[in-house]
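Presented below is the structure to which this report refers.
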Amino acid sequence: MIKNSTIIQGNDEKSILIDCTYISDDQPKPIVIFCHGYKGFKDWGAWNLMANKFAEAGFYFVKFNFSYNGGTIEQPIDFPDLEAFGHNNYIKELDDLNAVIDWVTSNSDIKKEADTSNINLIGHSRGGGIVLIKAEEDSRIKKVISLAGVSDYKIRFPKGNHFDTWKKEGVYYVENGRTKQQMPHYFQFYKNFMENEERLTIKRAIQHLNIPHLIIHGNADTSVSMEEAKRLHEWNPKSKLEIIDGANHVFGASHPWSSEELPKDLEHVIKLSTTFFNN
């Protein structure tokens, strides 16, 4: 098993930390690029074990930290740079994903092991929306999986008095339940969405999606309702919907994850995903 890390320039020249996991055999393998979700990072929980499983199944697995996710190159786990976190938005994440895809397709060093003509995306939670929008607009993508993915970004903004306060004060805070950090969201987040609403409407993207799309969701997800998975499937009837009974938003994982074994629900996710990508 090989795991290589690299740094590329992302949005506004901020750095993106990437790692690639694969078994070296001089055979070009299908590429899977994984996008983490809100308050997430590439090394959260059991994502590294997941990368290993994809590599064992014959894939070249790429995961990365969004450049404004609140981590740094020196400390990529958790959120030492809350100012960056507060200035993140969906367009920056789409730009970062595009930079990673560009790096994959132009990097001659990986072509001995990675099939750059076969690029697939997985996005978890908020990242599920990012990969669906990108898959619709980028012909380099062959297949896409939304994993506990959201169906609508607009409904996630504060409403009523909370919205008015946010607009007036320019920032609102969300507590990270694990780290207890007060994580800022500057009002630019909403303004940037409204300026790009058509592009950032997930319903529009998947109604025009012309590649295979798998939706995986747990029916015990309390963060993103299973109704959102059903809406995605309704908007794209050609998609495939897989409901995992009893699975939560992170498919049984947590952070930190100390076991060498995957949670059974996440193992189920990987089996569904590798079968989908291989067929």
query: How do the strands (runs of 3 or more DSSP E) wholly within region 91-185 filter down when requiring 1 or more residues that are in contact (Cβ under 8 Å) with a residue 24 or more places away in the chain, touching a strand residue (DSSP E or B) at 6+ places or on another chain (Cβ under 9 Å) and over 30 Å from Pro80 (Cα atoms): which remain?
result: 114-124, 141-147
message: Tell me the residue from Glu267, Glu260 that is charged (D, E, K, R), over 19 Å from the mean Cα position of the chain (by Cα) and either in a loop (DSSP other than H, G, I, E, B) or under 25 Å from Pro30 (Cβ atoms) (or both), please.
response: Glu260
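In the list Asp78, Asp19, which residue meets the criterion of being within 18 Å of the chain's Cα centre (by Cα) and within 24 Å of Lys271 (Cβ to Cβ)? Explain how you work it out, then say what you get.
On the way: Asp78 fails: within 24 Å of Lys271 (Cβ to Cβ).
Just a single option satisfies the conditions, and that option is Asp19.
Restricting attention to region 80-90, and to residues there that are in a loop (DSSP other than H, G, I, E, B) and either touching a strand residue (DSSP E or B) at 6+ places or on another chain (Cβ under 7 Å) or charged (D, E, K, R) (or both), which single residue is surrounded by the fewest Cβ atoms within 10 Å (Cβ to Cβ)? Explain how you work it out, then say what you get.
Looking only at region 80-90, we keep the residues that are in a loop (DSSP other than H, G, I, E, B), and these are 80-81, 87-89.
Within this subset, residues satisfying the condition of being either touching a strand residue (DSSP E or B) at 6+ places or on another chain (Cβ under 7 Å) or charged (D, E, K, R) (or both) are 81, 87.
Numbers: Asp81: 15, His87: 20.
Per the stated criteria, the residue is Asp81.
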query: Going by the conditions given, is Thr275 assigned to a loop (DSSP other than H, G, I, E, B) and not hydrophobic (A, V, I, L, M, F, W, C)?
result: no
- request: Of the numbered conditions (1) at pLDDT below 95; (2) surrounded by 13 or more Cβ atoms within 10 Å (Cβ to Cβ), Asp109 fails exactly one; give the number of that condition.
  value: (2)
- request: Go through (1) more than 28 Å from Glu234 (Cα to Cα); (2) surrounded by 14 or more Cβ atoms within 10 Å (Cβ to Cβ) one by one and return the number of the condition Gly177 breaks.
  value: (2)
- prompt: Are any of the residues in region 235-252 assigned to a helix (DSSP H, G or I) and over 24 Å from Lys142 (Cβ atoms)?
  reply: no
message: Among the residues that make up region 208-226, is at least one of them touching a Pro at 6+ places or on another chain (Cβ under 9 Å) and more than 25 Å from Asn120 (Cα to Cα)?
response: no
- request: Restricting attention to region 18-46, report how many residues are surrounded by fewer than 22 Cβ atoms within 10 Å (Cβ to Cβ), in contact with a Lys or Arg (Cβ under 7 Å, 6 or more places away or on another chain) and not in a loop (DSSP other than H, G, I, E, B).
  value: 1
task: Looking only at region 112-134, decide whether some residue is surrounded by fewer than 17 Cβ atoms within 10 Å (Cβ to Cβ), charged (D, E, K, R) and closer than 30 Å to Ser225 by Cβ.
output: no
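Could you go through region 43-65 and let me know if any residue there is among the small types (Gly, Ala, Ser) and within 22 Å of Ser223 (Cβ to Cβ).
From region 43-65, those among the small types (Gly, Ala, Ser) are 45-46, 51, 55, 57-58; that's our starting set.
This time we only want the ones that are within 22 Å of Ser223 (Cβ to Cβ), so: 45-46.
Within region 43-65, one or more residues are among the small types (Gly, Ala, Ser) and within 22 Å of Ser223 (Cβ to Cβ).
For (1) modelled with pLDDT under 95; (2) surrounded by 13 or more Cβ atoms within 10 Å (Cβ to Cβ); (3) out of contact with any Leu (no Cβ under 8 Å at 6 or more places or on another chain); (4) under 28 Å from Asp78 (Cβ atoms), each residue gets a yes or a no:
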{"residue": "Val150", "(1), (2), (3), (4)": "no, yes, yes, yes"}
{"residue": "His185", "(1), (2), (3), (4)": "no, yes, yes, yes"}
{"residue": "Tyr190", "(1), (2), (3), (4)": "no, yes, yes, yes"}
{"residue": "Thr201", "(1), (2), (3), (4)": "no, yes, yes, no"}
{"residue": "His213", "(1), (2), (3), (4)": "no, yes, no, no"}
{"residue": "Ser225", "(1), (2), (3), (4)": "no, yes, yes, yes"}
field: Test: Phe61 is aromatic (Phe, Trp, Tyr), over 17 Å from Thr274 (Cα atoms) and crowded, with 22+ Cβ neighbours inside 10 Å
entry: no
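The values are calculated or read from the model by the stated rules, or taken from the named source; none is laboratory data. Here the structure is a predicted model, which means the values were calculated and not measured. Note: ideal-geometry Cβ built from the backbone for every residue, glycine included; neighbour counts use all protein chains shown.
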